[in-house]
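Let me begin by presenting the structure, written as structure tokens, before commenting on it.
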Amino acid sequence: QVQLVASGGGLVQAGGSLRLSCAASRIIFGINTMGWYRQAPGKQRELVATMTSSGSTEYLGSVKGRFTISRDNAKNTVYLQMNSLKPEDTAVYFCNYRGPWGGYDFWGQGTQVTVSS
């Protein structure tokens, strides 16, 4: 079992920035993916950004160029730097940590991001 603790959400004005952090209580050696998903009211959960243990990244098209995902393996932590925030970025952001072929799949508690216009 891995516990994911997310932090960094908050209320910002459009055009502002936030940095989300998610720390894993333990590491699992080998291939894995850490990243962020979000869910806005009345909408489906969607992938925001992920990074594999080898450094490959995937981004939601609407955040490409504005958000940057990074990992600090020494701290077992994944970050999401969010710049040029828009009201449509408002959602609960969930941290995710998973292994290949669904071997494991852990989720954080979610952190609220609200962007005012």
Exercise for the section: Collect the residues in the stretch 66-81 that are in a strand (DSSP E or B), open to solvent by 20 Å² or more (accessible area, probe 1.4 Å) and not charged (D, E, K, R), keeping them in residue-number order. Expected result: Thr68, Ser70, Tyr79, Gln81
Exercise for the section: Identify, from the list Ser84, Ser117, the residue that is in contact with a helix residue (DSSP H, G or I) (Cβ under 7 Å, 6 or more places away or on another chain) and either closer than 18 Å to Ser17 by Cβ or surrounded by 19 or more Cβ atoms within 10 Å (Cβ to Cβ) (or both). Expected result: Ser117
Exercise for the section: Identify the residue in the stretch 1-44 that is among the charged types (D, E, K, R) and under 12 Å from the mean Cα position of the chain (by Cα) and, among all such residues, is least open to solvent (accessible area, probe 1.4 Å). Expected result: Arg38
Completion exercise
The number of residues in the stretch 93-111 that are outside any loop (DSSP other than H, G, I, E, B), touching a residue at least 24 places away in the same chain (Cβ under 8 Å) and open to solvent by 40 Å² or more (accessible area, probe 1.4 Å) is 3
Handout entry: All positions within the stretch 45-57 that are farther than 14 Å from Phe67 by Cβ and exposed (fewer than 15 other Cβ atoms within 10 Å of the Cβ)
Key = Arg45, Ser54, Gly55, Ser56
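The values are calculated or read from the model by the stated rules, or taken from the named source; none is laboratory data. Treat the numbers as computed from the prediction; the structure is a model and nothing was measured. As a convention, Cβ positions derive from the backbone with ideal geometry for all residues, glycine included, and neighbour counts pool all protein chains shown. Ligands, DNA and RNA are stripped out before the accessible areas are found, and what is left, the full protein with its side chains, is counted by its heavy atoms. Shrake-Rupley method; radii C 1.70, N 1.55, O 1.52, S 1.80 Å.
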